[in-house]
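Q: The structure follows.
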Amino acid sequence: MLRGEVAFAVSGVGEFADQIGSGDLRVLAVTAGERVPGLGVPTLRESGVDVEFSNWRGLVAPPGLPDADRAALADAVAAMRDTPEWRQVLAANGWHDAWLPGADFARFTAAENERVEHVLGELGLRSR
């Protein structure tokens with residue numbers, strides 16, 4: 001985008017924060033259900049596109065991970081989440097804490113995959 005090779009991109013605001021702040025990039029809309037404070041731009045829905053999605057992050061491990069290792073990893077992440085440093089990173093990046101441990105996260109990602117597949121189909125696109 002900065003070289004003019006593509007017209008637009010979709011990503012989290014945090015990934016483009018420096019370029020937005022410097023004025024090198026302009027935000028057209030946000031995909032969230034509500035406007036992002038400080039950006040002064042509409043949501044996609046307000047712009048006439050009936051789509052909402054959030055930029056989420058997750059920690060995944062390979063299939064077949066032993067239960068003890070899975071539990072240790074989950075416990076380590078839960079402990080990190082309960083620190084002031086975690087809250088500072090959330091605040092610094094403007095992230096919403098949507099913590100979903102283990103099976104809850106698996107259900108969320110499965111539902112998101114279905115939802116995105118449906119949206120792509122409505123747009124005449126198909127995922128591979």
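The values are calculated or read from the model by the stated rules, or taken from the named source; none is laboratory data. Everything quoted here is computed from the prediction, not taken from an experiment. Methodologically, a virtual Cβ is constructed for each residue, glycine included, from the backbone with ideal geometry; neighbour enumeration extends over all protein chains shown.
Q: In contact with a helix residue (DSSP H, G or I) (Cβ under 9 Å, 6 or more places away or on another chain), of a type in the set (A, V, I, L, M, F, W, C) and over 21 Å from Glu15 (Cβ atoms), is that true of Leu123?
A: Spelling it out, it is not the case that Leu123 is in contact with a helix residue (DSSP H, G or I) (Cβ under 9 Å, 6 or more places away or on another chain), of a type in the set (A, V, I, L, M, F, W, C) and over 21 Å from Glu15 (Cβ atoms).
Q: Does Val116 fit the bill of being without any contact (Cβ under 8 Å) to a residue 60 or more places away in the chain and either surrounded by 10 or more Cβ atoms within 10 Å (Cβ to Cβ) or among the hydrophobic types (A, V, I, L, M, F, W, C) (or both)? Quick ask: steps written out before the conclusion?
A: Details: without any contact (Cβ under 8 Å) to a residue 60 or more places away in the chain: no; either surrounded by 10 or more Cβ atoms within 10 Å (Cβ to Cβ) or among the hydrophobic types (A, V, I, L, M, F, W, C) (or both): yes.
Here the answer is no, as Val116 does not meet what is asked.
Q: If I filter the range 74-105 down to residues being among the β-branched types (Val, Ile, Thr) and closer than 20 Å to Val60 by Cβ, which single residue comes out as surrounded by the fewest Cβ atoms within 10 Å (Cβ to Cβ)?
A: Among residues in the range 74-105 that are among the β-branched types (Val, Ile, Thr) and closer than 20 Å to Val60 by Cβ, the one surrounded by the fewest Cβ atoms within 10 Å (Cβ to Cβ) is Val89.
Q: Counting just the residues of the range 21-69 that are modelled with pLDDT under 90 and of a type in the set (Val, Ile, Thr), which one comes out farthest from Gly102 (Cα to Cα)?
A: My answer is Val49.
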